[in-house]
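Read the structure below first, then the notes.
The values are calculated or read from the model by the stated rules, or taken from the named source; none is laboratory data. On a predicted model such as this, the values are computed, not experimentally measured, just so you know. Here the Cβ is made from the backbone with ideal geometry for all residues, glycine too, and neighbour counts use every protein chain on show. The area values use the complete protein model at the heavy-atom level, side chains included, leaving out ligands, DNA and RNA. Shrake-Rupley method; radii C 1.70, N 1.55, O 1.52, S 1.80 Å.
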Amino acid sequence: MTPDINFGFGLSKSSRINLDNADNEKFRELAAREPDILKCMACGSCAASCSAGNFTELNLRKIILMLTRGAEKETVRQLESCMFCGKCILVCPRGINTRHLIKSIREIYCRPCAEPETGNGI
Amino acid sequence: MDNNYNTIIIGAGPAGMEAAYRLSVFGIRTCLLEKEAETGGHLLKWDRIFPEGRKASEILGFMRKRIESGNITTITSARIDSIRKKAGNGYEAELATNEGKKTITADTILIACGFKLFNAAKKEEYGYGIYNRVITNADLENLFKTNSTGSIIGENRTPAVGFVHCVGSRDEKAGNRHCSKVCCATAVKQAMEIKEAYPQATVYCFYMDLRMFGRHYEDMYLEAQQKYGIRFIRGRVSEVSEDCNERIVAKAEDTLSGKPVKITLDMLVLMSGIACNPDSGKITGSLSIENDSDGFIKYADSIFGQVKGPGIFTAGTCTGPKTLPETINEAGEAAAVIYGYLKGNSNNF
Ligand SMILES: Cc1cc2nc3c(=O)[nH]c(=O)nc-3n(C[C@H](O)[C@H](O)[C@H](O)COP(=O)(O)OP(=O)(O)OC[C@H]3O[C@@H](n4cnc5c(N)ncnc54)[C@H](O)[C@@H]3O)c2cc1C
Ligand code: SF4
Ligand code: SF4
Ligand code: SF4
């Protein structure tokens with residue numbers, strides 16, 4: 001019989017962002033393709049006017065922020081709710097072509113889903 | 001030469017020098033007193049001046065040329081032993097100078113004794129004076145001037161460098177509630193200069209609010225983001241330690257994501273703020289004018305400025321944080337008011 005060692009406690013994963021790893025290859029690729037991403041000043045206009053933001057977790061300000069911090073996983077998923085309506089472009093005070101940016105983020109960060117790995121089980 | 005002047009100017013920083021020049025153009029005879037061995041005030045310590053990055057030494061050279069006038073007697077290394085109102089009109093000061101003791105008199109006094117840079121060692125959690133890689137904005141200006149950032153960063157061509165805004169400003173515990181006004185722009189300027197020197201560097205600014213208020217300052221911010229890729233993190237660095245490689249580990253909250261962040265740095269630059277010059281309290285005390293609770297000299301009028309005493313005037317950062325052009329403007333204005341006063345117009349307040 002194995003003793004019951006699960007007391008219901010466990011170490012939670014650290015939520016801390018380690019900036020030492022922020023400069024990853026994907027972000028560099030994104031910034032090369034969409035240099036305007038560096039101009040974002042986190043004002044939140046895009047998130048405030050987002051058509052999908054009221055109903056889903058989608059928040060472009062946060063997505064951009066998390067990408068610049070090298071923490072992509074949690075946020076890229078949110079982009080699935082984007083309807084590409086482009087309202088965010090209209091309100092961005094820094095003139096960022098946010099819709100184009102979203103497209104590039106999806107292409108660069110969602111590559112495994114766009115091009116599923118082959119060779120397994122076929 | 002006799003020791004009677006129209007105006008005694010206390011402090012030969014940018015404010016005192018500019019006022020002396022303006023007054024000399026009006027034919028007003030001034031005695032410009034500087035306690036240090038050289039004129040120039042804090043301008044002596046800076047390398048480049050925001051927003052355009054002009055050389056401080058060039059600006060200072062220009063200002064020094066302008067005070068070479070028969071109407072201006074400049075005394076450096078001057079200690080004011082006493083200053084007081086004379087019986088009747090005017091003021092009298094006793095000085096200790098390199099040429100010995102001296103008594104001078106004047107109809108008016110212009111206080112231009114400037115500010116004192118906040119002592120960053122008071123914020124122990126940042127480790128200034130404890131860790132070699134933690135320096136202040138003033139130290140960095142000096143490293144730029146002497147081309148020696150390598151003395152801190154070493155041979156590393158891909159260093160990580162952090163800037164901490166609001167050190168000793170907006171901080172009740174440090175005794176300074178006020179915003180120092182110039183340090184956001186200084187941080188952004190210095191961050192870009194680091195990227196100029198080390199194009200492969202990663203540079204972070206930890207800010208609470210970014211106060212890029214002046215003309216062209218917002219352009220600096222945009223340039224810092226777009227051209228230099230400087231990363232702005234909204235959150236105050238809370239503590240600093242050293243790792244086993246003697247690099248700096250800084251912790252902060254990234255308040256925009258609500259997450260704690262940690263970073264290892266080759267250099268951490270503290271944006272020490274503009275604090276009041278304790279000398280100003282001694283000077284105002286003997287002239288019966290007041291200082292505010294923040295230590296800076298109190299204005300007689302919140303819109304029109306100047307102080308209460310008849311024949312006593314102020315210019316520059318002794319009345320609160322100001323940029324260089326603001327200081328220069330106020331010095332010109334003070335000269336005009338002094339001229340008016342000497343011609344018989346009262347002080348108004
Ligand atoms: C880190 C930093 C960077 C800055 N960079 C910029 C910049 O890039 N651009 C910009 O526009 N502004 C900048 N500033 C602001 C600029 O330095 C000030 O506006 C300017 O120095 C104010 O001039 P001042 O004459 O009022 O004071 P100060 O420069 O402090 O000069 C005061 C003078 O009075 C003398 N003095 C003091 N007490 C006495 C006494 N009892 N008797 C005789 N003499 C006395 C002092 O020795 C000093 O020479 C910066 C400030 C800081 C803190
Ligand atoms: S394009 Fe996407 S992110 Fe922008 S407002 Fe529309 S739904 Fe929101
Ligand atoms: S509106 Fe533009 S500047 Fe503001 S958070 Fe969105 S992308 Fe950034
Ligand atoms: S100018 Fe910026 S860094 Fe300086 S005290 Fe004000 S907010 Fe802080």
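For the reader, a short list of remarks on this structure follows.
- Dimensions of the range B:175-290 along the principal axes, based on C-alpha atoms and rounded to the nearest Å, stand at 54, 38, 31, largest first.
- Unsatisfied cross-links (Cα-Cα over 24 Å) in the set B:LYS65/B:LYS189; B:LYS85/B:LYS343; A:LYS13/B:LYS122; A:LYS13/B:LYS251; B:LYS145/B:LYS189: B:LYS65/B:LYS189; A:LYS13/B:LYS122
- Note that chain B presents 44 Å² accessible area per residue, ligands and nucleic acids not counted, probe 1.4 Å.
- Interchain or long-range residues, amide H under 5 Å from B:LEU265's placed H: B:ILE248, B:VAL249, B:ALA250
- Accessible-area composition of chain B, carbon plus sulfur, in percent [1.4 Å probe]: 47 percent
- FRET efficiency for the pair B:GLN226 and A:ALA48, taken as 1/(1 + (r/R0)^6) with r the Cβ-Cβ distance and R0 = 30 Å, rounds to 0.80.
- The fraction of Cα-Cα pairs per 10 angstrom bin, counted from 0 for the range A:25-109, comes to 19, 59, 22, 0 percent, rounded to whole percents.
- If the segment from B:ASN142 to B:MET208 were pulled out straight at 0.36 nm per residue, it would be longer than the present Cα-Cα gap by 21.2 nm.
- Taking θ as phi - 60° and the Karplus parameters 6.51, -1.76 and 1.60, the scalar couplings of the range B:39-52 work out to 7, x, x, 5, 4, 4, 8, 8, 8, 10, 10, 6, x, 9 Hz in sequence order, x denoting glycine and proline.
- Antiparallel DSSP beta bridges within chain B, as percent of all bridges there, nearest 5: 50 percent
- Cβ-defined net charge surrounding A:ILE17, 15 Å radius [Lys, Arg +1; Asp, Glu -1]: +4
- Partner chain coverage, peptide B:259-271 - average Cβ within 10 angstrom: 3
- Additional length obtainable on full extension of the chain from B:LYS282 to B:ARG215, 0.36 nm per residue less Cα span: 20.6 nm
- Around B:THR7: net Lys/Arg minus Asp/Glu count, Cβ-Cβ under 14 Å: 0
- Cβ-based net charge around B:GLU18, under 11 Å, with every Lys or Arg adding one and every Asp or Glu removing one: 0
- Taken about its Cα centre, chain B carries a charge dipole of roughly 300 debye when the Cβ of each Lys and Arg holds +1 and the Cβ of each Asp and Glu holds -1.
- Estimated buried accessible area (total), pair A and B, 1.4 Å, Å² to nearest 100: 2000 Å²
- Secondary structure note: in the range B:199-349, about 75% of the DSSP beta bridges are antiparallel.
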